[in-house]
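Q: Have a look at the structure that comes next, please.
Every number in this text was worked out from the coordinates using simple rules, so none of it is lab data. Nothing here was measured: the structure is a model prediction, and the numbers come from that model. Ideal geometry is used to build each Cβ from the backbone, glycine not excepted, and the neighbour counts take in all protein chains shown.
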Amino acid sequence: MKTILVTGANTGLGLEMCRQLHALGDRVIGACRTASPELAGLGVQVETGIDVASEETGRELIKRLGTTRVSWLVHNAGIYRQGGLDDLDASKLREEFAVNALGPLLITRALLPLLDSGSKIGLITSLMGSLGDNGSGGSYGYRMSKAALNMAGVSLARDLKGRGIAVALLHPGFVRTRMTGQQGYLDPPESVRGLLARLDELTLATSGHFWHANGKELPW
Ligand SMILES: NC(=O)c1ccc[n+]([C@@H]2O[C@H](COP(=O)([O-])OP(=O)(O)OC[C@H]3O[C@@H](n4cnc5c(N)ncnc54)[C@H](OP(=O)(O)O)[C@@H]3O)[C@@H](O)[C@H]2O)c1
């Protein structure tokens with residue numbers, strides 16, 4: 001049985017990930033700021049008050065998890081703030097960096113003592129963080145912070161290979177969640193089935209690559 005920690009577990013893709021992993025018989029730790037009734041009702045371990053933008057969060061999780069060994073660490077929490085060239089707002093840009101890029105990196109470093117050879121790290125990034133795919137511009141904070149997350153993921157893949165820990169950068173697709181205002185071409189169950197399949201098949205040999213949930217490798 002794997003032990004899997006998922007951030008941003010109270011809604012959207014994180015909640016669905018907890019639901020599917022729990023149904024598969026894994027031990028699931030759903031970390032969130034505030035538990036939703038849906039998450040609380042799943043029967044998984046719920047850790048509330050987990051704000052990924054806080055520099056205290058890594059230490060707090062280590063304190064709460066004690067001797068737990070983490071098989072998969074899935075950084076799913078993320079935010080999208082409107083921000084085109086005409087309405088750039090430095091505080092929103094910083095917030096997106098803190099949540100989407102710095103949080104996953106700092107929490108990963110803090111939790112490394114709980115990861116073993118064979119553990120896996122899933123970074124839920126976005127195709128919007130792809131330089132090669134950026135055909136429409138805009139969304140500065142989201143695009144820049146997800147590109148930064150992609151770079152962090154590649155460095156983590158290199159740095160953690162010697163410890164036997166593999167890293168996947170995963171784009172869920174365009175999914176109907178709160179973030180997209182329920183727009184999209186996928187519902188969370190289908191996207192999450194793909195994300196979990198990608199994590200299942202992840203090895204040290206494929207560590208540090210960027211995939212769509214459907215398995216297609218994506219351009220940086
Ligand atoms: N949906 C898509 O089409 C799509 C496409 C590409 C990438 N993604 C990525 O997929 C991930 C999940 O997104 P989603 O679509 O499921 O969006 P969502 O429904 O808005 O869920 C976002 C989750 O992130 C959490 N979160 C936000 N800020 C946080 C913070 N500071 N600390 C802890 N948790 C925080 C939210 O918790 P609260 O309820 O407390 O805010 C929520 O649980 C994100 O990383 C997103 O960028 C989504």
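Q: Quickly run through region 111-132 and pick out the residues that are within 17 Å of Ser71 (Cβ to Cβ) and in a helix (DSSP H, G or I).
A: Leu111, Leu112, Pro113, Leu114
Q: Can you name the number of the only condition in (1) of a type in the set (D, E, K, R); (2) surrounded by fewer than 22 Cβ atoms within 10 Å (Cβ to Cβ); (3) within 12 Å of the ligand (Cβ to nearest atom) that Lys146 fails?
A: Against the list (1) of a type in the set (D, E, K, R); (2) surrounded by fewer than 22 Cβ atoms within 10 Å (Cβ to Cβ); (3) within 12 Å of the ligand (Cβ to nearest atom), Lys146 comes up short only on (2).
Q: Starting from residues that are of a type in the set (A, V, I, L, M, F, W, C) and out of contact with any Leu (no Cβ under 8 Å at 6 or more places or on another chain), keep the ones in region 86-111 and report whichever is farthest from the ligand (Cβ to nearest atom).
A: Residue satisfying both the conditions and the ranking: Leu88.
Q: Same structure, new question: Just to be sure I understand the filter: pairs with C-beta atoms under 9 Å, separated by 6 or more residues or on different chains, first member in region 179-198 and under 15 Å from Leu127 (Cα atoms), second member of a type in the set (Asp, Glu). Which pairs pass?
A: Going by the 9 Å Cβ cut-off, the qualifying pairs are Ser191/Glu16.
Q: Can you tell me which residue within region 22-50, out of those that are away from the ligand (no atom under 13 Å from the Cβ), surrounded by 16 or more Cβ atoms within 10 Å (Cβ to Cβ) and in contact (Cβ under 8 Å) with a residue 24 or more places away in the chain, is nearest to Arg64 (Cα to Cα)?
A: Ile29
Q: Is there a residue in region 4-21 that is over 24 Å from Asp187 (Cα atoms) and either surrounded by fewer than 17 Cβ atoms within 10 Å (Cβ to Cβ) or more than 15 Å from the ligand (Cβ to nearest atom) (or both)?
A: no
Q: Moving to a separate point now. Kindly evaluate Leu186 against the criterion of being surrounded by fewer than 23 Cβ atoms within 10 Å (Cβ to Cβ) and touching a strand residue (DSSP E or B) at 6+ places or on another chain (Cβ under 6 Å).
A: Against the criterion (surrounded by fewer than 23 Cβ atoms within 10 Å (Cβ to Cβ) and touching a strand residue (DSSP E or B) at 6+ places or on another chain (Cβ under 6 Å)), Leu186 qualifies.
Q: Is it the case that some residue within region 61-74 is without any contact (Cβ under 8 Å) to a residue 40 or more places away in the chain, part of a loop (DSSP other than H, G, I, E, B) and surrounded by fewer than 17 Cβ atoms within 10 Å (Cβ to Cβ)?
A: Among the residues of region 61-74, at least one is without any contact (Cβ under 8 Å) to a residue 40 or more places away in the chain, part of a loop (DSSP other than H, G, I, E, B) and surrounded by fewer than 17 Cβ atoms within 10 Å (Cβ to Cβ), which makes the answer yes.
Q: Looking at Gly41 and the list (1) of a type in the set (Gly, Ala, Ser); (2) over 27 Å from Ser155 (Cα atoms); (3) in contact with a Gly (Cβ under 8 Å, 6 or more places away or on another chain), which single condition is not satisfied?
A: Looking at each condition in turn, Gly41 falls short on (3).
Q: Among the residues of region 165-192, count how many are assigned to a loop (DSSP other than H, G, I, E, B) and not basic (Lys, Arg).
A: 13
Q: Does Gly135 satisfy the criteria of being more than 21 Å from Ile62 (Cα to Cα), part of a loop (DSSP other than H, G, I, E, B) and touching a residue at least 12 places away in the same chain (Cβ under 8 Å)?
A: For Gly135, the condition - more than 21 Å from Ile62 (Cα to Cα), part of a loop (DSSP other than H, G, I, E, B) and touching a residue at least 12 places away in the same chain (Cβ under 8 Å) - is not met.
Q: Looking at (1) within 12 Å of the ligand (Cβ to nearest atom); (2) outside any loop (DSSP other than H, G, I, E, B), find the lone condition where Ser54 falls short.
A: (2)
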